[in-house]
Amino acid sequence: MSKKTIGIIGGMGPAATVDLFKKIVENTDAANDAGHVRVYMDCYPTIPDRTKAILGEGESPVPYLAESAEKLAAIGADFLIMPCNTSHYFYKELSEKSPIPVMNMIQETAKELHSRGVQKVGVLATDGTVKTGIYQKELAVFGIEAVCPSVKGQQEVMRLIYDGVKADAKQFPAEAMRGVVSELFAQGAEVLVLGCSELPLGFERYGIPLENTVDAVEILARAAIAAAGYPTKNEG
């Protein structure tokens with residue numbers, strides 16, 4: 001298999017983009033520098049907020065995503081990935097406008113959970129991702145049931161994302177978020193999907209246990225490494 005170059009449509013947000021690149025490096029089974037994947041990255045933080053666009057409160061990000069796709073293709077990327085879960089609501093539109101293929105993080109996550117034999121999943125994500133049901137639909141393809149937080153619980157998820165990680169808060173009161181996690185496990189979730197790229201960062205930064213959680217960004221990183229023709233490290 002010939003080696004391919006990954007293009008990252010980034011900036012949604014910047015810390016999540018860095019996290020995706022870090023996970024590509026950490027998950028590549030390379031003996032030296034030359035064994036790693038070539039990656040082009042466009043950190044484009046002024047792409048309009050995806051949740052606001054979905055809720056009809058802001059500009060569509062599609063023209064900006066397409067611009068980034070064209071630039072990355074022009075400099076040599078063979079396929080594209082995005083570390084923003086919510087942006088995948090616009091996946092079909094972007095794919096139609098992109099000159100090169102776009103990998104779908106939501107689909108890759110659903111496939112991975114199916115391969116693990118998971119039957120019921122708690123979804124932690126932005127309001128936009130939850131309300132559009134993009135995770136619920138992809139999981140249903142594999143017969144996996146999805147449960148989401150209560151209205152109050154979803155407010156806590158958004159606070160962690162926007163007031164915590166996106167605001168770069170050094171400290172954040174995370175007790176309520178721990179309650180949201182417990183609530184989903186009480187509903188029978190076997191694992192929780194961290195379906196916003198800021199959530200793995202927030203869980204780690206603010207001391208929320210990562211046990212029985214699935215990091216969609218890491219799943220995307222591993223899938224992209226394989227698609228680029230490079231070996232991945234064994235999990236665990």
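General observations
- Filtered by the rule that a residue be without any contact (Cβ under 8 Å) to a residue 60 or more places away in the chain and under 17 Å from the mean Cα position of the chain (by Cα), region 111-124 gives a lone residue, K111.
- The numbered conditions (1) touching a residue at least 12 places away in the same chain (Cβ under 8 Å); (2) more than 18 Å from the chain's Cα centre (by Cα); (3) under 22 Å from P83 (Cβ atoms) are all true for A167 except (1).
- Residues (within 16 Å of the chain's Cα centre (by Cα) and assigned to a loop (DSSP other than H, G, I, E, B)) located in region 78-110: M82, P83, C84, N85, M103, N104
- One residue alone among G153, G143, G236 is at pLDDT 95 or above and part of a loop (DSSP other than H, G, I, E, B), and that residue is G143.
- Meets criteria (at pLDDT below 95 and in contact with a Leu (Cβ under 6 Å, 6 or more places away or on another chain)) for P173: no
- For G58, the test of being surrounded by fewer than 20 Cβ atoms within 10 Å (Cβ to Cβ), at positive phi and out of contact with any His (no Cβ under 7 Å at 6 or more places or on another chain) is failed.
Let's see how each residue does on (1) β-branched (V, I, T); (2) surrounded by fewer than 18 Cβ atoms within 10 Å (Cβ to Cβ); (3) farther than 17 Å from E218 by Cα:
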position: D19; (1), (2), (3): no, no, no
position: R38; (1), (2), (3): no, yes, yes
position: L65; (1), (2), (3): no, no, yes
position: T86; (1), (2), (3): yes, no, no
position: S98; (1), (2), (3): no, no, yes
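The values are calculated or read from the model by the stated rules, or taken from the named source; none is laboratory data. Just so you know, these numbers come straight off a predicted model, no measurement behind them. Glycine gets a Cβ as well: all are built from the backbone with ideal geometry, and neighbour counts include every protein chain shown.
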